[in-house]
Every structure is written in C-alpha cells, then in structure tokens.
C-alpha cells in the first residue's frame, strides 16, 4: 500500500513541479502575476505531496512492509524503533527522498515570500522557477533510477537492517539531517543568483537576499560538518575526527566557497564591487554540492559513506554539466549588468582583507578538490590505483588555515575604503603583545610543534584584535551615554547585530582552530593487553584496570564489553565500557569506543581484541587534548549566525533600506 | 589619484600572483610526494628495486600457515598472497579481531630492500555492501564462550 502511494505522490509531485516551473518562468518573463501565483500554489502542492511520499516511506519502515524495495534493503524487525525511523536516510534512495523533502520545504518558503515586496517580485518569481526546476531533477531521480518504492516479490519475512555503522550511535538521527538542511539549502542562494541575473535586478536588494539566504544553510552546514566530525570521533574508533574522506571533503568544499561568498557579498553589498566573482562563488557552491553528491553517491570513489548504484551517477553528472553550462551562459549574457560600480580606494582597507580571504578560501577549495579527484583522474588517465595520503591535505591546508585565522582578526580591525595606517597600527599593539607573551609561555610549557604553536599564537592575536572591536565601540558608548560596561556592550552588540554576529562566528573559528591544532599535534595513544584483575596499566596521568570482559545480547546485535576502571592521578574518573558490536549481517565487529570528556583533554578507550575466556582484553587508549574545543567552536559559529539574523524590534517605520541604515551609521561611528 | 590607484591595484595583483604561484608550487610538490599506489603482491614484486622505500598499499589474502604473533613485541608477521606471489609483511600492534588466515587484508607501508613489507596500517578488506558471514566463520564463534561465562 505505502509503496504505490509513495510512487503516486512522487509522480504527481513531479508533474506539478514541472508545470509550476514553467508557470514561474513564463509568468516572470511575460509579467503575468496570475501565472506566478499558480507557480506558488504548485510549490505548496509539491511540498504536500513530497511529505506524503516521505511519510509513506516512514510508515512502510515502521510497519516492516518488506514488499517495499527500500524497506527490504534497510529494514529489520530487530532494529529498535528509533533506528528504524532514521534508517529512512541510511541508504541511497532514502537519502535522496530526504533531500527532496528538504528541497520542497525550501521551495515552499521561497514561494511563500514571493511577491511580498514589489521591487524584488520579478527576481523572486525567477528564483521560484529555478527552485521548482531543482525539484524536478530530484523527483525524476526518485521516480526513476533511485526509486525506493519499488515492490519486491516474493516478500521476505525480515530484512538485513541498516548498515551497522549507521545504527551504532543515536547521533545518526541528527547529523545527516543537519548536513542536508545546509547542503540542500545552497540551492536557494543559487536560485536567487539565477533570479537576479534573469531579472537584471543586481543591486543591493539582490545582495541582501543572497546574503541572508546563504547564511541560514551555511550555519546548518557548519553544524552538520561539526556534528559529522563529532560522530566520526565518537563512532569510528580511531580517535580522530577528520580523515579527508571523500564524503567529508564533499561536505567541506561547498562550505569553503560559501564562506568565501558570505564575505565577498559584503563587499558587493557595500561597494557594488566583485559582482561576477560573488555570483560565481554561489554558483560554484551549488555545483560543488552536486559534484559532492555525485562523487559519494555514484560509487566512483570508495568511501565509508559510498552507496554505489548504477544510473544515479550519470544522472548527477548530466545535471552538473547542465547547470554549469547554463550558469556560464547566463553570466556571459548578463556581464554588462555585473560591472562594478565601485572601485578599490586603498590597499589598507577591509576590502583588501576580503580579497585575500577569498583568494585563500578558493585556494583551500582547490587543494581539497584536487586531492579528492586525483585518484579518479589517475585511474582514468593512467589506469593506476592510487590514494592521496592525509599528509598531502594537512601540508597544504594547515598554512592556508593559519593565514585565514590571521585574517579573521585583521579583517574586522580594518576600516572600509581607506585605512588610517596609524590608527590601525595602534590597534595591533596590545594583541601582538599578548600573542607574543602566549607564544613564550607555550615554548616554556614545552610546545615544540611549530604549526600548533603558530596556530595558537595567531588565534590569540586575532582574538585580541576582535576583542578590540567589542571594547572600542562599547567604551565610546559608555563614555558618551554614561552607561555601565555590560549595558554599553549590550547596546553596541544589539545595535549592529549583523556585525557582532560575524565576530561571534569569528571567535567560533578561532576556538575550533585551537582545538584542531592542539588535538592533532598532541594526540597520543597506547595499547596494552590487560589482564582481568591484574595490576593497573599506567599511561601518563592515567591508569587503567580491567574489571571484566562480558557479553550482552541485545535485540538487533550482540556486544562484547570490557569494563575498565579509569583513574586519573589515582582518582577514579569513570568506569568505562568500550565494546565491540556484532550485527547479524556484518562480517566484522563494529567498535563503540568509550570517551571520557574532560575540560582539557579526552580519554578515549577502544576495545581492540579479547580472549574468548574473558581473561584478557587488548585496549587502546587515545588521549586528545582540547579536542572538545572543535565542537564548541562549531556551535559558536552557528550562534553567531543566529545573533546576526535575529529580527530587529520594529521601532521606526520600515523603509526599503531600514535594515542597512542604522547599521551603516553605527559602523561609521565605530570607525571614528 | 587615478595613477596612484593603478599602482595600488598592481601591487595587489602582484601579491595575489605571488600567493597563487606559491600555492601552485606547494600543491604540485605536495600531491606528488603523498601518493600511495595500490598493488597486488605480483605487481609489487614485478616492479623490482623501483618499489623499495616508497609508500604503497598491498591487497591480498593472509596466506595459511604464515601467521606468527609475537605478543611481547606486539609484532605480527604474515604472508600476503594473491594466489601466485607472496609478500612477507611485518606489522606492529594487535591485529583487528577479524584478522585470520584466508582473510582479505590491505596493508599500507613501505617495501624494503630486505624483501619485507613494513606495514603501519593493517585493514580488513571488506566491501561496503552487506555480506553474510562466511560459512564456518560466523562471528558468534568469537564470543560464544563469553556468553556462557556472562550467563553463569
């Protein structure tokens, strides 16, 4: 029942989305609002139908309807309800269905906002058309090559259950949706880029729309990547959080170009410069999401996440080529309108900092893209099977990363247009002093790893510079309004949310950078064969004692658990239970590490092997200093976006430029 | 004014060009020295002396009767074979629970002139697709005794 229903909903949605896209484009081109209005209704209907399709899949999963192809592939009566629900996105077809659901939701939001403001109506209508066109592609995929609703006969009594790695941690329920909301959301700024180009509305309205519509998915993508890193740390059992795996790279590359975009769009908005560049960045971001999906979903690159399957690959590749071609044609056609109105006034200016920021982000993207694609190219050109080692990525990206950390401090401290060299140098004095002091302290404390040292010192310097952007304006306000420090800080920060949201995000980046540098450079591990009841094994400040090795039978799996008492400086910190899980359909055990999260460092235990009689267990311990800073940094970035986009209280009657007006004034007063 | 601006843009362009050239150089060198080729034992030996002291991955089966585990040194020696050729491998660290004779494995490391492959990474070869456990090698064999003990 749910199979045919899902199929029907998909096909009707496909037809409606196609009609809607045609209506939106024709309505916009011939200026017929009635057609655009029907396109809006088509977007709402598409969403309703995709929800029906998604729910019928969930229903089939929950009721263990093994006549449905996807359920026969990932369902199992033994799987707990929670994992059954989230198994909707644990394999290829289901993940494309989730993609379509999120895309249809974004489309409905765009449709809902279309026609609200007369000055952007035309752009919005074209953007709606572009969104609906994306829907067509994904609905075609679901109806055709990636159809999850097909019927299986004879109907099996039970299925294999989801991939064991994907049902080993509850976080699988959170991390893929977050990532998808970010990833799929990049189609919205792309649609508005197309909408702007087609309508010729390439002024401030366009920049503002693009910026806002990028920040939301960008924040989700940031959270999704952070959550993915945390998931990989908690689940995969090697103690790391990032392996330059093609799928990780696939999510990271659009993040890099979107981050470049979030910065360059400010130059575009304020100075009417860099338009072609900015629009290219947003198109590149969208193309990279499709490329990433192609790489990881077509099976051309082997990876933990790769679900290989026939026609899906060529489909994505065709879509990629089509979007690339149309975008290039559109940019070439509209190049007149993209010419810069402003120009660079001075080298010592925030514009320059943004230019270098963009250069570095694009170089970063290129490094990752080349490393990800190289095995594919080598195989195609020379027939050689080759992998690009992690050291390539680290050697290349660490220097770029440190330069970006430096700019994260320098950029905010530089004024727009023309810098006063003297004022700028004075700003540098005390952060440089503090950074130098920290540098010496780190050396005294025995930090000898050059890049880790440099990252921390640079981050402290940048952090000091950004503090100045809080304390400077707040101090001025405190004197002029006779307010207390907290009150002045609050008024300054709420007075220009956009600016301070950005600085909070910068702090998130600095915190994460310190976490990445220190945990990567100073992670250390040991491995021992522990005897039950034997003497505790010393490891630095820690000692580990094996209490017992025992087995447990759970509904969907069997587990072998080592109970280990972990002491730090002689005090019991936790009774840790690293385990190996055996799933019926998997040939090898899946390790679940046990992590003791500390403020300064984590202790991470993995059960490697054990004696069958339970007398001994081989346990690996990994100590990662400051690894937790990475997750907190990611959360801070998202908080910065929330702060920046928080709606203003409407005190003054709203005019078209109300949002930018006070912000500009404040930025002006901060400059003086 | 216009002239000064041109000078500034030129300086900026020069800076950008320097950054790009430096990056290009770094990338070129970086990717070349970090490639890890994948060989079968036959392919590795066919390369002769050219294979020495370079990072490589070798995939094959653990040859029966070759596994020697030195628990004190935590050193594992075994032969990896593709049916025709066998390469001797030495690896440090406890092998994964599934390591066994006849198991498909991939080792990453360096082939030395002493005709020994020094592995720093030992991976069990598995496909991403589901595969039912091989007959006679059901994973439950590994922990059946533990269940008996835990139950009692």
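Annotations for the structure displayed:
- Put in line by how crowded their Cβ is, counting other Cβ atoms within 10 Å and starting with the fewest, B:52, A:106, B:37, A:507 read B:52, B:37, A:507, A:106.
- Overall form of the stretch A:155-233 per C-alpha gyration tensor (a/c, 1.5; a/b vs b/c): oblate
- Note on residue A:491 and residue A:379: their simple-model spin labels are 6.3 nm apart, each label 7 Å out from Cα toward Cβ.
- Helix-only mean residue ellipticity at 222 nm for chain A, each DSSP H run of n ≥ 4 adding -39500 (n - 2.57), per residue, nearest 500: -22000 deg cm²/dmol
- For chain A, the Rg and Dmax computed from alpha carbons only, in angstrom: 26.9, 83
- Taking other C-beta atoms within 10 angstrom as a stand-in for reagent exposure, A:69, A:427 fall in the order A:69, A:427, fewest first.
- Counting every pair of alpha carbons in the stretch A:525-626, the share spaced more than 18 Å apart comes to 44 percent.
- Once the Cβ-Cβ distance of residue A:548 and residue B:110 is raised to the sixth power relative to R0 = 41 Å, the FRET efficiency obtained is 0.55.
- Cα pair distances exceeding 15 angstrom across the stretch A:6-56, given as percent: 43 percent
- Residue by residue along A:373-382, Cβ atoms of other protein chains within 10 Å of the local Cβ number 1 on average.
- Calculated on the alpha-carbon coordinates, the convex hull of the stretch B:37-129 measures out at 97 cubic angstrom per residue.
- Cα gyration tensor shape of the stretch A:418-521, rounded if a/c is under 1.5, else prolate or oblate by comparing a/b with b/c: prolate
- Label-to-label distance, nm, for residues given as residue A:423 and residue A:599 (7 Å Cα→Cβ offset): 4.0 nm
- Calculated from the alpha-carbon coordinates, the stretch A:1-111 shows an Rg and a Dmax of 16.4, 57 Å respectively.
- Inter-chain neighbour count for A:526-535: the average number of beta-carbon atoms from partner chains within 10 Å of each residue's beta-carbon is 1.
- Diffusion of the stretch A:512-577 by Stokes-Einstein, at 10 °C in a medium of 1.306 mPa s and with Rh set to the Kirkwood radius over alpha-carbon pairs, works out to 113 µm²/s.
- Three-way shape label, the stretch A:143-190, alpha-carbon gyration tensor, a/c 1.5: oblate
- 20 Å tail of the calculated P(r), the stretch A:315-394, as % of Cα pairs: 64 percent
The numbers here are math on the coordinates, done by the rules we state, and not lab data. Predicted model only: the values in this text are computed from it and were never measured. All Cβ positions, even for glycine, are placed from backbone atoms using ideal geometry, and neighbour counts span all protein chains on display.
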